[in-house]
Every structure is written in structure tokens, then in C-alpha cells.
Amino acid sequence: MAEPAALRCAPAIPATPGLRLLPPAARFILRADGRALGIAGTALGIDSAPGACRASQGGTRAALWLGPDEYLLLAPQAEAPGLASTLEEALQGEPHSLVDVSQRQAALEISGSRAADILNSGCPLDLDSAAFPIGMCTRTVFAKAEIVLWRTAGDTFRLEVWRSFTDYVARYLGEVVREYGDSAK
Amino acid sequence: MNPAALASLIARRQSGYSLPAPFYLSPEVFDADCARIFGRYWIFVGVEPEISKAGQFFTVEIGSDSIVIVRDTDMSVRAFHNVCRHRGARLCNAGSGAFVRLVCPYHQWTYNRRGELVNNKHMGDDFDRSKFALKAVHVESLAGLLFICLADTPPEDFAVMRAAMEPHLAPHDIANCKVAHQSDLVEQGNWKLTMENNRECYHCRANHPQLTASLYEYGFGFGASPDAHSKVQEFGELVKNEHARWEAAGLPSAEIERLDATTGFRSVRLPLNQSGESQTLDTRVACRKLLGTFTQTNLGGLSFWTQPNSWHHFMSDHVVSFSVWPLAAGKTLLRTRWLVHKDAQQGVDFDVERLTAVWKATNDQDCALVARAHQGISSPAYLPGPYSAYTEDLVDTFCTWYLSHLQAP
């Protein structure tokens with residue numbers, strides 16, 4: 001299916017230290033029972049099935065546990081078509097739903113020693129590394145937007161944001177970063 | 001506890017004696033302490049360098065209450081109750097940190113640094129957010145020492161303390177200090193035992209070998225008892241001479257005693273033993289970079305005590321500041337902060353172990369003494385005992401202040 005032209009443009013975000021728009025990616029929402037999720041993970045080359053609220057990676061691919069019957073699968077954009085057919089093949093005969101949401105979302109990354117504090121200006125979760133360690137992911141809210149939040153490194157978080165909310169989330173984060181920036185003076 | 005029961009308990013106290021056991025042990029008295037002492041008077045909560053940057057905050061727990069103290073974007077200090085205006089959830093569990101927006105974990109009601117409700121969903125277009133700001137708490141800075149008052153109308157005599165104390169504190173320039181170390185110690189005793197222990201140095205000689213290297217016990221409410229007549233006189237001479245030297249150098253040093261006032265306090269600059277420089281193991285300064293514009297190291301220690309919950313020592317090189325918060329009838333938090341000049345560097349100008357050694361040891365010793373006192377008072381055999389007229393006057397003053405302010409309408 002041809003993409004609408006608008007979706008081929010990356011959303012614009014205001015220049016903000018520590019905040020960047022990640023490259024476009026292949027994204028699938030897979031709904032299935034635990035057994036089928038495991039089969040899909042193996043087919044993708046994911047190292048091990050992710051536990052609750054955890055992401056598992058295999059090379060450039062990742063499976064994010066969003067619920068007992070739901071993964072968000074991420075891979076580099078170019079792999080999207082091949083990935084879909086690989087998964088459909090592996091899941092043949094397994095009841096499941098596989099939806100390509102590559103264009104529904106965009107990914108923001110925020111990093112730096114203040115990253116958790118900055119996110120907490122809109123997200124109520126306890127982001128202390130003891131409560132939200134590296135590799136943890138969850139669907140949550142950031143101000144008025146629903147996001148998927150994934151701590152990819154100690155000071156780095158990936159935010160999967162519905163495309164039309166990207167501008168709002170990025171601007172909100174930009175405002176917060178600016179306010180923290182002022183405070184460093 | 002109803003007012004009549006409280007009044008009859010207060011009437012049982014014999015002047016010059018320690019308090020009847022229920023004042024230390026009873027959960028009802030504890031609740032009255034939180035409501036009638038900590039809920040009505042100025043309480044010391046911390047120092048400005050704890051929140052030197054916009055957005056930095058710390059929380060204070062008093063009984064079941066929790067207060068957030070935050071540096072606003074305009075650099076003023078604000079305080080509010082740590083209670084969401086939606087359905088009352090505790091907003092913030094962290095003891096300290098920084099925020100731009102405070103988001104309630106329950107339903108994401110979102111507040112700014114002024115405590116204004118700036119965002120909440122699903123409340124309809126007609127919802128008036130301006131009616132649901134966080135409940136503000138009065139906050140004042142006395143030369144960098146932060147006090148809050150939970151009452152609607154705080155005691156006005158804070159201004160008296162400010163006028164008296166600012167000239168004494170200002171030379172130590174707290175605004176240009178940083179917190180080199182902070183420690184929290186939970187003592188297994190009633191908060192008043194922690195305070196009583198602070199208001200006398202009768203126990204110092206036997207229990208505080210590190211502290212008494214630099215500290216003369218005589219500055220802490222010692223009268224000329226027959227046992228120590230000549231030493232107290234000798235100390236009096238030393239104080240007179242040192243005060244003359246310090247006052248000539250522009251440092252107000254004379255004793256101010258207003259412990260009976262509602263915003264009660266006492267202050268005096270006291271000579272230190274041996275080198276006379278600082279409350280360290282060897283009595284020498286612990287930080288090479290001196291506070292403010294000081295050039296002399298031997299400035300003794302300006303001690304400052306406030307009712308009902310703090311004491312502080314200001315030296316040429318560092319400040320030690322203590323606050324006491326009641327957690328439960330038999331549980332008290334002692335928070336200690338060591339301040340040095342903001343440009344002083346750990347490992348270059350000071351060594352944090354050396355800086356903190358004396359008061360860490362002293363706090364541990366006092367913690368054990370408070371627990372011991374609380375244990376003994378918990379025995380049915382406990383009877384209030386007499387304070388020494390020579391060394392425990394200030395303990396009696398504390399208890400008298402406490403009772404009269406507990407009872408005040």
C-alpha cells in the first residue's frame with residue numbers, strides 16, 4: 001500500500017538539548033497468547049521472551065511487552081515488509097492479530113542526567129532506576145498524550161508517541177528542558 | 001486528646017522536673033504536639049543551599065503530615081502541603097529532587113512550582129483550576145535558614161528573631177554555601193527527649209569525647225556550680241576577651257536569650273578549645289576556603305538554638321545545622337547538614353570525612369542516649385526527676401516553653 005505523502009515526512013520537533021526524533025522504524029502490534037508471542041519472538045531473533053513490562057532485544061530488533069497478550073515489535077524501517085511475512089509464516093495456524101503501526105507512531109529519545117526528572121513533569125511514574133530499571137517499558141501517559149516509555153540506558157528513554165501527538169509531546173518536553181536550563185544559571 | 005485532659009496532664013508537671021511519662025509515650029500527646037506545637041509555630045526545616053537551583057525541592061514529614069519546600073522559577077522559596085487537591089493522594093514520595101511540574105501519580109493532576117493546578121483531564125470545560133491550587137504553607141528565610149509555619153496566621157514575632165539574628169548570621173553568608181553532606185538519623189525516642197538532650201551539656205563530658213575536644217561544656221547553660229565554680233569563671237573571662245576581639249572584627253557575638261518568646265531562640269558566639277577554630281577532631285578548620293569574607297580562622301562557634309526543633313553552629317569554615325521532626329511518639333528524625341563555601345572543593349579544600357567526623361560521632365552517641373532515656377521512661381517505675389539548677393536550666397526552659405505553647409488557646 002502506498003503511504004500518504006504526509007506520513008513520509010518526519011514530524012518536526014523544536015531543537016532541544018537532549019531530545020531527538022529517532023529515525024523512522026518498522027512497528028507491529030502483535031496480539032496473541034503467550035505461546036504464539038514466544039514463537040514470534042523466536043522468529044524475529046529476539047534473545048528471550050520479555051517479562052512483564054520489559055523489552056527484549058535481538059540485534060536491531062526489539063519486542064516490548066505491553067500486556068499479557070500484546071507485544072510492540074520494533075525494527076529498522078527497511079525490514080518492515082520482510083518482517084511481516086516472516087511473522088505471518090511463523091504464526092500460521094496460531095490465532096493472532098498482527099497490525100503494522102509503523103506510521104501511527106514516531107519515536108522520541110530523551111537523554112541526560114535530568115531525563116527522568118524531565119519526564120516526570122508530565123509522567124507520574126516513579127522513574128528512579130530502582131523502580132524503573134534499564135530495559136523496563138510500559139504504556140503510560142505524558143501530560144495529555146498516551147505514550148510507550150522504554151528506558152534504553154541509565155539516562156536515556158525512548159518514547160513511542162502517536163504521530164499527531166509528537167509535536168505536543170516534543171514541545172512540552174522542550175518547555176521543561178528550557179525551564180530546567182534556566183535553573184542551572 | 002480533649003483540652004480538659006491535656007490541661008490536667010499539663011497541670012501535673014512539677015516545675016524544675018522532667019515531664020510526666022505520657023508527654024513522651026502517649027500517642028494522644030504526640031498528636032497534640034503535631035497539631036498544637038508543630039502545627040502553630042515557626043519550625044526550622046532546612047537551609048537555602050539545599051534548594052539553590054530553581055525546581056529543587058525537599059519534603060518534610062511531621063507526624064502524618066508532609067510538606068514540600070521548593071525553589072520557584074523566580075528563585076523565591078515556596079512551601080505547600082504534599083496533598084493532591086483532587087482526592088487527597090500524597091503527591092510526592094521523594095525526600096528531595098527537582099521538578100518543573102508535580103504530577104500526582106493517582107489521576108495525573110499536574111501542578112507547577114507555585115502549587116497552581118495547571119493540567120487535569122476529564123473534569124469538563126467549566127472546571128475552574130484556580131480553585132484547586134495546593135494548600136500553601138508560610139515560609140520565611142532567616143539569612144538562609146528556612147522556617148515554615150502551618151498556621152493560617154503565623155506568630156508575628158518571627159520579625160523579632162530576624163531583626164536580632166540577621167546581623168549575627170549574615171557574616172557566615174549561607175546563601176553562598178553548599179551542602180557538603182547531609183545525614184538523617186531516626187532516633188528511637190520522643191522528639192522532646194532529642195531536644196532536651198540538646199539543651200544541656202551535663203552529659204557531654206561523659207559521652208562526647210570527640211565533641212568536647214573543641215567544645216567547652218560551659219557555654220551550654222552551665223551555671224557556676226560548687227563543682228565547677230572556678231572553671232565557669234575562667235570560661236566567663238575567656239568569653240569576655242574573645243567577644244571583645246570578635247566584636248572589634250565586626251562579628252556580633254553577645255548572647256541573646258529569648259527562649260520564652262513564642263518564636264523562641266537563643267544565640268551566643270562561643271570560644272572553642274585548643275586552637276579555637278572549628279568543631280573538628282583536632283579543633284582546626286576542616287575547610288581551607290573560609291565562609292563569607294572571613295580571613296581569620298579562629299572565630300569560635302556562633303551557636304543558635306530555636307524553639308521547638310533546631311540548633312546550629314556557625315564557624316569560620318563551616319556550618320552544622322540540625323532539625324528535629326517528630327515521626328511518632330517514640331520515633332524522631334534528626335537531620336544534620338554540613339555547609340561549606342560553595343566554591344570549596346572536596347578533596348582539595350576539605351575532606352568530607354574530616355568535616356563530619358565530630359558530629360557524626362556525637363549524633364550517634366546522642367541517638368543512643370535518647371533511646372536509653374525513652375526506654376527508661378517507658379518503665380512503670382519512671383517518675384519525673386529534678387533538673388540541675390546549674391546545668392539544666394535550658395532544659396527546664398524548653399519544657400516550660402513547650403507546655404505553655406501546647407496549652408495556649
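The values are calculated or read from the model by the stated rules, or taken from the named source; none is laboratory data. All values reported here derive from a predicted model rather than from experimental measurement. Ideal geometry is used to build each Cβ from the backbone, glycine not excepted, and the neighbour counts take in all protein chains shown. These accessible areas exclude ligands, DNA and RNA; they are computed on the full protein's heavy atoms, side chains included. Shrake-Rupley method; radii C 1.70, N 1.55, O 1.52, S 1.80 Å.
Summary of computed values
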quantity: Criterion violated by B:Gln296 - all others in (1) in a loop (DSSP other than H, G, I, E, B); (2) within 17 Å of B:Phe235 (Cβ to Cβ); (3) in contact (Cβ under 8 Å) with a residue 40 or more places away in the chain satisfied; calculated: (2)
quantity: Test: residue in region A:164-175 that is of a type in the set (A, V, I, L, M, F, W, C) and within 13 Å of chain B (Cβ to nearest Cβ); calculated: yes
quantity: Answer residue from region B:29-75, given it is in a loop (DSSP other than H, G, I, E, B) and within 13 Å of chain A (Cβ to nearest Cβ) and is surrounded by the fewest Cβ atoms within 10 Å (Cβ to Cβ) among those; calculated: B:Asp74
quantity: Tabulated pairs, region A:124-144, first closer than 19 Å to B:Asn119 by Cβ and hydroxyl-bearing (Ser, Thr, Tyr), second open to solvent by less than 40 Å² (accessible area, probe 1.4 Å) and assigned to a loop (DSSP other than H, G, I, E, B), C-beta under 6 angstrom, 6+ apart or interchain; calculated: A:Thr140/A:Cys123
quantity: Single residue of region A:87-118 satisfying the filter (within 14 Å of another protein chain (Cβ to nearest Cβ) and in a helix (DSSP H, G or I)) that is most open to solvent (accessible area, probe 1.4 Å); calculated: A:Asp117
quantity: Positions within region B:186-219 being in contact (Cβ under 8 Å) with a residue 40 or more places away in the chain and of a type in the set (Lys, Arg), in sequence order; calculated: B:Lys192, B:Arg199
quantity: Among (1) under 30 Å from the mean Cα position of the chain (by Cα); (2) more than 10 Å from every other protein chain (Cβ to nearest Cβ) - the single one B:Arg113 does not satisfy; calculated: (2)
quantity: Complete set of residues in region B:200-214 that are closer than 22 Å to B:Val268 by Cα and open to solvent by 10 Å² or more (accessible area, probe 1.4 Å); calculated: B:Glu200, B:Tyr202, B:His203, B:Arg205, B:Gln210, B:Thr212, B:Ala213
quantity: Residues satisfying the stated conditions in region B:89-106, i.e. facing chain A (nearest Cβ under 9 Å) and open to solvent by 30 Å² or more (accessible area, probe 1.4 Å); calculated: B:Asn93, B:Ala94, B:Gly97, B:Arg101, B:Pro105, B:Tyr106
quantity: Residue in region A:129-171 that is nearest to A:Leu74 (Cα to Cα), counting only those that are in a helix (DSSP H, G or I) and open to solvent by 40 Å² or more (accessible area, probe 1.4 Å); calculated: A:Arg163
quantity: Options B:Val285, B:Val324, B:Val319, B:Val358: the member that is touching a Cys at 6+ places or on another chain (Cβ under 8 Å) and on the phi < 0 side of the Ramachandran plot; calculated: B:Val319
quantity: Qualifying residue in region B:345-360 (condition: within 16 Å of the chain's Cα centre (by Cα), assigned to a strand (DSSP E or B) and over 21 Å from B:Thr212 (Cα atoms)); calculated: no
quantity: Unique match (being surrounded by fewer than 21 Cβ atoms within 10 Å (Cβ to Cβ) and part of a strand (DSSP E or B)) among B:Leu281, B:Leu369, B:Leu327; calculated: B:Leu327
quantity: Elements of type helices (runs of 4 or more DSSP H) contained in region B:134-231, each with 3 or more residues being of a type in the set (Gly, Ala, Ser); calculated: B:158-169
quantity: B:Ala361 vs. criteria under 21 Å from B:Cys204 (Cβ atoms), open to solvent by 10 Å² or more (accessible area, probe 1.4 Å) and not acidic (Asp, Glu); calculated: yes
quantity: Failed criterion for B:Ser130 (all others in (1) open to solvent by less than 40 Å² (accessible area, probe 1.4 Å); (2) of a type in the set (S, T, N, Q); (3) away from chain A (no Cβ under 12 Å) hold); calculated: (1)
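For every residue, the table says whether it meets (1) over 21 Å from the mean Cα position of the chain (by Cα); (2) in a loop (DSSP other than H, G, I, E, B); (3) within 30 Å of B:Phe294 (Cα to Cα); (4) charged (D, E, K, R).
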site	(1), (2), (3), (4)
B:Val340	no, no, yes, no
B:Asp364	no, no, no, yes
B:Ser379	yes, yes, no, no
B:Thr391	yes, yes, no, no
B:Thr397	no, no, no, no
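Per-residue answers, yes or no, for (1) modelled with pLDDT under 90; (2) open to solvent by 80 Å² or more (accessible area, probe 1.4 Å):
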residue: A:Arg31; (1), (2): no, yes
residue: A:Arg35; (1), (2): no, yes
residue: A:Ile39; (1), (2): no, no
residue: A:Ala43; (1), (2): no, no
residue: A:Pro50; (1), (2): no, no
residue: A:Gly58; (1), (2): no, no
residue: A:Leu66; (1), (2): no, no
residue: A:Leu72; (1), (2): no, no
residue: A:Glu79; (1), (2): yes, no
